[in-house]
Amino acid sequence: MATGDLMSKARAGDGDAFRALVQPYHAELQVHCYRMLGSLQDAEDALQDTLLAAWQGIVGFERRASMRTWLYRIATNRCLNARRSVSRRQAKEWNVPDVEPPEPTRLGEVVWLQPYPDTLLKAVIDAPLGPEARYEQAESISLAFVTALQVLPPRQLAVLVLRDVLGFHAREVADMLDSTVDSVNSALKRARAALQRHQPPAAHHQPPAPGSASEDAIVAKFVRAWECADLDALVDLLTDDVFFSMPPVPFEYEGKDLVARFCASVFRSGRRFDLVPTRANGQPAFGAYLRAPNGISHGTGLYVLTLADHRISAMTRFENSVLPCFGLPRSLSSR
């Protein structure tokens, strides 16, 4: 059915026609909300709020902008409201039995961060960008980039994502935010400077291409080292300035020595793991399952690797509550 016919039916209250109009934008809008909020759960909530607001406002849609731009306007403002009004998930204490981690380098701010399954990115990663975009799709969904976005003031975050990630023109962004072009350009300048300060040095290194022989080689070495609790082999894979974080636990470790000490604490007492591969944020990831004497391995979390050249420059550990989002079980039979 032609778009014009769908629009007429949607304005007349046809829910099926409305769903057909907005369905092509679901995936990219959810990714947009994730960049804004840093949490898959919050992104899903914001997307539903966006679709409800669009359904309620479809009669007033005047087509001065495209349907896509109109939806991004709604989604952006819903995310800004969420940033202002919703209290973020609180930091949690370390509570892994028999594992005593070393003193962290510092306490992280973005404890609400969650990983984003690559299965939800397939319809987005190759989508065309606007002429003003400065970031590749893969870079703009990486954990380092999304984490750095979270520390920006809300309007600066919105402007940077709309301009530099999605490529909207300054006038379009000003209309979306009920602002002026001068205000948008000023916010963008400040946001770029702040983002540069908050991104780790490794974020500027070129990772190997997904699925390449180089990536596969690093990943295979990591799996062997982790499953065998081979600390020396694991440390050999790390960059000197490797960074380790574990939201919602705020502990952050920087440098090969400290990260090695943390990993040693995990392997202590004979703890051994099975790793199940997946992908998150365009990066290699693994569900980690602690082996038990009864032959059942229990999911303890998800590790996401950031690769720089031929090394691991960052590791992020998430709670086991995210495993179902990746189609991973809570437990499995040990090999």
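The values are calculated or read from the model by the stated rules, or taken from the named source; none is laboratory data. The shown structure was predicted, so the numbers you read here are calculated from the model rather than taken from an experiment. Quick reminder, even Gly has a Cβ in these numbers, built from the backbone with ideal geometry, and neighbours come from all protein chains shown.
Test Ala148 against the stated conditions and say whether it is of a type in the set (Gly, Ala, Ser), under 25 Å from Thr76 (Cα atoms) and crowded, with 19+ Cβ neighbours inside 10 Å. Judged against the criteria, Ala148 is a match. For region 306-325, a residue qualifies if it is assigned to a helix (DSSP H, G or I) and surrounded by fewer than 18 Cβ atoms within 10 Å (Cβ to Cβ), and the qualifying residues are Ser321, Pro324.
Filtering region 2-46 to residues that are farther than 27 Å from Leu129 by Cβ and either touching a Lys or Arg at 6+ places or on another chain (Cβ under 8 Å) or part of a helix (DSSP H, G or I) (or both) leaves Asp5, Ser8, Lys9, Ala10, Arg11, Gly15, Asp16, Ala17. Between Leu323, Leu305, Leu328, the distinction of being out of contact with any Gly (no Cβ under 7 Å at 6 or more places or on another chain) and aliphatic (A, V, I, L, M) belongs to Leu305 only. Just wondering, is there one or more residues in region 283-299 that are hydrophobic (A, V, I, L, M, F, W, C), part of a helix (DSSP H, G or I) and out of contact with any Leu (no Cβ under 6 Å at 6 or more places or on another chain)? The answer is no, given that none of the residues of region 283-299 is hydrophobic (A, V, I, L, M, F, W, C), part of a helix (DSSP H, G or I) and out of contact with any Leu (no Cβ under 6 Å at 6 or more places or on another chain).
The residue that is modelled with the lowest pLDDT, counting only those in region 196-216 that are in contact with a strand residue (DSSP E or B) (Cβ under 7 Å, 6 or more places away or on another chain) and under 20 Å from Arg134 (Cβ atoms), is Ala202.
Restricting attention to region 255-263, does a residue exist that is over 20 Å from Ala285 (Cβ atoms), of a type in the set (A, V, I, L, M), in a helix (DSSP H, G or I) and touching a helix residue (DSSP H, G or I) at 6+ places or on another chain (Cβ under 6 Å)? So far as region 255-263 goes, yes, one or more of its residues are over 20 Å from Ala285 (Cβ atoms), of a type in the set (A, V, I, L, M), in a helix (DSSP H, G or I) and touching a helix residue (DSSP H, G or I) at 6+ places or on another chain (Cβ under 6 Å). Taken as a whole, the condition of being exposed (fewer than 13 other Cβ atoms within 10 Å of the Cβ), aliphatic (A, V, I, L, M) and at pLDDT 95 or above does not apply to Leu80. Pairs linking a residue in region 36-55 that is charged (D, E, K, R) to a residue that is at pLDDT 95 or above, with Cβ atoms under 6 Å and 6 or more positions apart or on different chains, are Asp49/Arg78.
Go through (1) farther than 24 Å from Val22 by Cα; (2) part of a helix (DSSP H, G or I) for Leu113 and report which single condition fails. Among (1) farther than 24 Å from Val22 by Cα; (2) part of a helix (DSSP H, G or I), the lone unmet condition for Leu113 is (2).
Going through (1) closer than 24 Å to Ser179 by Cα; (2) buried (at least 19 other Cβ atoms within 10 Å of the Cβ) one by one, Arg64 falls short only on (2).
Taken over region 84-122, the criterion of being over 16 Å from the mean Cα position of the chain (by Cα) and over 30 Å from Leu258 (Cβ atoms) is satisfied by Arg84, Ser85, Val86, Ser87. Every listed requirement among (1) more than 16 Å from the chain's Cα centre (by Cα); (2) more than 15 Å from Ala75 (Cβ to Cβ); (3) not charged (D, E, K, R); (4) not in a helix (DSSP H, G or I) is met by Phe168 save one, (2).
Looking at Asp49, Asp98, just one residue is in a helix (DSSP H, G or I), surrounded by fewer than 19 Cβ atoms within 10 Å (Cβ to Cβ) and either modelled with pLDDT under 95 or on the phi < 0 side of the Ramachandran plot (or both), and that residue is Asp49. Screening Lys221 on (1) outside the structural domain of Phe267 (by TED's automatic domain parsing); (2) touching a residue at least 12 places away in the same chain (Cβ under 8 Å); (3) basic (Lys, Arg); (4) assigned to a helix (DSSP H, G or I) shows it passes everything except condition (1).
Within region 89-112, being within 23 Å of Ala148 (Cα to Cα) and either assigned by TED's automatic domain parsing to the domain that holds Val266 or touching a strand residue (DSSP E or B) at 6+ places or on another chain (Cβ under 6 Å) (or both) holds for Ala91, Lys92, Pro104, Thr105, Arg106, Leu107, Gly108, Val111.
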